[in-house]
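The values are calculated or read from the model by the stated rules, or taken from the named source; none is laboratory data. Only a predicted model underlies this, so the values are computations on that prediction, with no experimental measurement involved. Cβ atoms come from the backbone with ideal geometry, glycine included; neighbour counts cover every protein chain shown.
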């Protein structure tokens with residue numbers, strides 16, 4: 001009886017210790033980082049699908065969320081620019097007008113791989129939210145490998 005009680009107590013201690021160790025949390029920006037400089041609205045989450053992106057006859061969907069200290073005005077744009085060997089390819093999407101924190105998603109076709117279908121293309125990406133007056137409210141940057 002004492003041996004069973006001791007075994008249960010040791011198991012409880014081990015389980016308590018093991019569950020208290022923090023596990024590795026997924027990066028909410030998926031490897032992207034805030035751009036250098038001051039941007040009043042911080043992007044706190046960014047994801048894309050498919051993951052990894054593919055270049056042929058696919059659609060790309062991005063999702064982003066953030067904390068807004070300035071209003072995203074009527075007519076604001078989301079800019080998603082990919083640089084392949086310094087050649088920019090930009091997608092412009094009208095943002096919904098929003099006060100407070102924001103969640104946004106957009107989908108567009110992504111069959112613009114300039115390389116043959118056997119080459120992985122590396123893109124440097126910059127994603128921004130711009131008010132109609134051109135003021136950049138948010139900015140993140142990172143890189144993506146687009147699969148053939």
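In table form, for the structure just shown:
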read-out	value
Subset of the range 40-53 [modelled with pLDDT under 90 and surrounded by fewer than 15 Cβ atoms within 10 Å (Cβ to Cβ)]	49, 50, 51, 52
Checklist (1) under 17 Å from the mean Cα position of the chain (by Cα); (2) modelled with pLDDT under 80 applied to residue 87, failing item	(1)
Residue ID - farthest from residue 95 (Cα to Cα), chosen from residues in the range 40-63 that are free of Cβ contacts under 8 Å to residues at least 24 places away in the same chain and either touching a helix residue (DSSP H, G or I) at 6+ places or on another chain (Cβ under 9 Å) or part of a loop (DSSP other than H, G, I, E, B) (or both)	51
Filter result (surrounded by fewer than 14 Cβ atoms within 10 Å (Cβ to Cβ) and at pLDDT 75 or above) within the range 16-34	26, 27, 28, 31, 33
Single residue of 66, 37 found to be modelled with pLDDT of 85 or more and either exposed (fewer than 11 other Cβ atoms within 10 Å of the Cβ) or in contact with a helix residue (DSSP H, G or I) (Cβ under 6 Å, 6 or more places away or on another chain) (or both)	37
Restricting the range 90-106 to residues that are under 17 Å from the mean Cα position of the chain (by Cα) and part of a loop (DSSP other than H, G, I, E, B), the residue that is farthest from residue 136 (Cα to Cα)	101
